[in-house]
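First up is the structure itself, then whatever we jot down about it.
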Amino acid sequence: MSLVETVQPIVQPQPQALSALNERAREIFRQIVESYVTTGEPVGSRNLARILPMSLSPASIRNVMADLEHSGLIFAPHTSAGRLPTELGLRFFVDAMMEIGDVDLAEKARIEAQMQAAASRHTFDSALAEASSLLSGISRGAGVVLTTKVDAGLKHVEFVRLDADRALVVLVSIDGTVENRLVDLPPGLPAGALQEASNFLNARLRGRTLDALRADIEAGRTAMKRELDALTERLVDAGLATTVGPSEARQLIVRGQANLLDDLRAAEDLERIRLLFNDLETQKDVIELLARAEQGDGVRIFIGSENKLFSLSGSSMIAAPFRDGAQKIVGVVGVIGPTRLNYSRIVPMVDYTARVVSGLLDRSR
């Protein structure tokens with residue numbers, strides 16, 4: 001099975017043009033892509049003549065570049081400028097030409113050590129945050145992790161009044177995570193009702209999950225009516241009924257957005273990054289895109305306008321799913337950055353990080 005799962009581009013290149021690419025055309029195209037990944041700058045025929053492993057005149061290279069441009073693989077950003085790969089060209093390169101190596105032993109050891117240390121010191125969520133930070137540092141992009149919130153056993157519940165009409169329900173889990181939920185208070189609620197509701201629930205927790213606690217209290221509804229007045233009973237029900245929706249049940253971790261500001265070369269770069277930051281702030285759309293990477297076994301690569309989220313910012317995402325001990329896909333790790341990400345280096349890094357996360361998850365849950 002291939003390491004990279006193919007993502008179908010919106011616009012298809014001319015198949016006859018791609019199949020007709022000879023070794024010379026492929027090498028010129030490869031050098032254009034690799035130059036773009038390294039510098040972000042267009043490359044011209046004279047520079048290509050100096051770096052190509054074969055002897056070709058600038059005029060011959062220009063003829064080949066004209067064919068590549070006609071095929072939709074490269075374009076000229078400015079008149080008389082060199083050439084850059086199009087999004088279509090990047091997709092062709094990733095799917096048909098990219099050579100993916102392995103992660104070297106030193107990098108593997110560093111990834112494993114840092115993530116295991118984070119998991120042992122804190123929680124599995126800490127290891128996920130470390131995975132996001134690691135990928136950010138490796139790629140100089142933004143590291144992202146998407147996972148499903150686990151309904152852990154509860155250690156403590158407390159109702160805290162915010163004002164006359166609202167209170168905060170503080171749920172502390174056994175694994176140390178804390179979740180705050182807002183509830184409306186019934187009119188005329190007695191002053192001591194918040195503490196009474198907290199005591200009632202804490203006496204019944206015993207490490208139960210929220211769902212189990214809710215079921216237990218529902219089964220003992222008659223006894224609850226004897227112990228609590230009607231308004232406090234409504235408060236308990238409100239605290240237990242405040243559940244998260246499907247999108248909120250997914251946890252998104254993003255690290256290293258500042259890396260995206262390190263390599264700006266022009267005003268249009270700054271505008272692109274501003275748009276990408278806006279995309280990252282719209283967590284629902286990022287979650288939906290990452291969830292698409294859960295639909296396959298390998299690394300998924302999304303380039304620019306292949307998805308609506310990055311259609312304006314011209315960004316790319318490389319993501320891979322991770323699994324629990326039952327081999328069920330439960331989340332995704334990845335990198336978001338400009339389309340000139342170093343795909344051949346980052347793809348195996350993302351894949352290996354996903355495998356390390358799967359191993360930690362198998363041992364910790």
(request) Could you please find all residues in the range 223-245 being open to solvent by less than 40 Å² (accessible area, probe 1.4 Å), part of a helix (DSSP H, G or I) and at pLDDT 80 or above? (result) Met224, Thr232, Glu233, Leu235, Val236, Ala238
(request) Filter the range 116-129 down to the residues that are in contact with a Leu (Cβ under 9 Å, 6 or more places away or on another chain) and open to solvent by 20 Å² or more (accessible area, probe 1.4 Å), then identify the one that is modelled with the highest pLDDT. (result) Gln116
(request) Considering only the range 85-115, state which residues are open to solvent by 20 Å² or more (accessible area, probe 1.4 Å), closer than 25 Å to Asn307 by Cβ and among the aliphatic types (A, V, I, L, M). (result) Leu88, Ala96, Met98, Ile100
(request) Test each condition in (1) in contact (Cβ under 8 Å) with a residue 24 or more places away in the chain; (2) open to solvent by less than 60 Å² (accessible area, probe 1.4 Å); (3) within 27 Å of Gln251 (Cα to Cα); (4) not in a helix (DSSP H, G or I) for Leu213 and report the one that comes out false. (result) (4)
(request) Could you tell me which residue of the range 69-80 is farthest from the chain's Cα centre (by Cα), considering only residues that are hydrophobic (A, V, I, L, M, F, W, C) and under 12 Å from Val43 (Cβ atoms)? (result) Ala76
(message) Considering only residues that are surrounded by fewer than 17 Cβ atoms within 10 Å (Cβ to Cβ), at pLDDT 85 or above and among the β-branched types (Val, Ile, Thr), which ones fall in the range 168-210?
(response) Val170
(message) Could you go through the range 317-324 and let me know if any residue there is modelled with pLDDT of 85 or more, out of contact with any Pro (no Cβ under 8 Å at 6 or more places or on another chain) and open to solvent by 10 Å² or more (accessible area, probe 1.4 Å).
(response) yes
(message) Pairs please, first residue from the range 62-87 and under 15 Å from Leu52 (Cβ atoms), second anywhere and hydrophobic (A, V, I, L, M, F, W, C) and open to solvent by 50 Å² or more (accessible area, probe 1.4 Å), Cβ atoms under 8 Å, 6+ apart in sequence or on different chains.
(response) Arg83/Phe75
(message) Anything in the range 277-299 that is open to solvent by 30 Å² or more (accessible area, probe 1.4 Å) and touching a strand residue (DSSP E or B) at 6+ places or on another chain (Cβ under 8 Å)? List them, or say none.
(response) Gln283, Arg292, Glu294, Asp297
(message) Looking at the range 54-69 only, could you name the residues that are touching a helix residue (DSSP H, G or I) at 6+ places or on another chain (Cβ under 7 Å) and open to solvent by 70 Å² or more (accessible area, probe 1.4 Å)?
(response) Arg62, Asp67
(request) Report whether or not Ala131 is farther than 29 Å from Gln283 by Cα, out of contact with any His (no Cβ under 8 Å at 6 or more places or on another chain) and small (Gly, Ala, Ser). (result) no
(request) Determine which single condition Ser311 fails, assuming it passes every other condition in (1) surrounded by fewer than 21 Cβ atoms within 10 Å (Cβ to Cβ); (2) farther than 18 Å from Thr86 by Cβ; (3) of a type in the set (Gly, Ala, Ser). (result) (2)
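The values are calculated or read from the model by the stated rules, or taken from the named source; none is laboratory data. If you're wondering where the values come from, they're calculated on a predicted model, not measured in any experiment. Cβ: placed from backbone, ideal geometry, glycine included. Neighbour counts: every protein chain shown. For accessibility, only protein heavy atoms count, side chains too; no ligands or nucleic acids. Shrake-Rupley method; radii C 1.70, N 1.55, O 1.52, S 1.80 Å.
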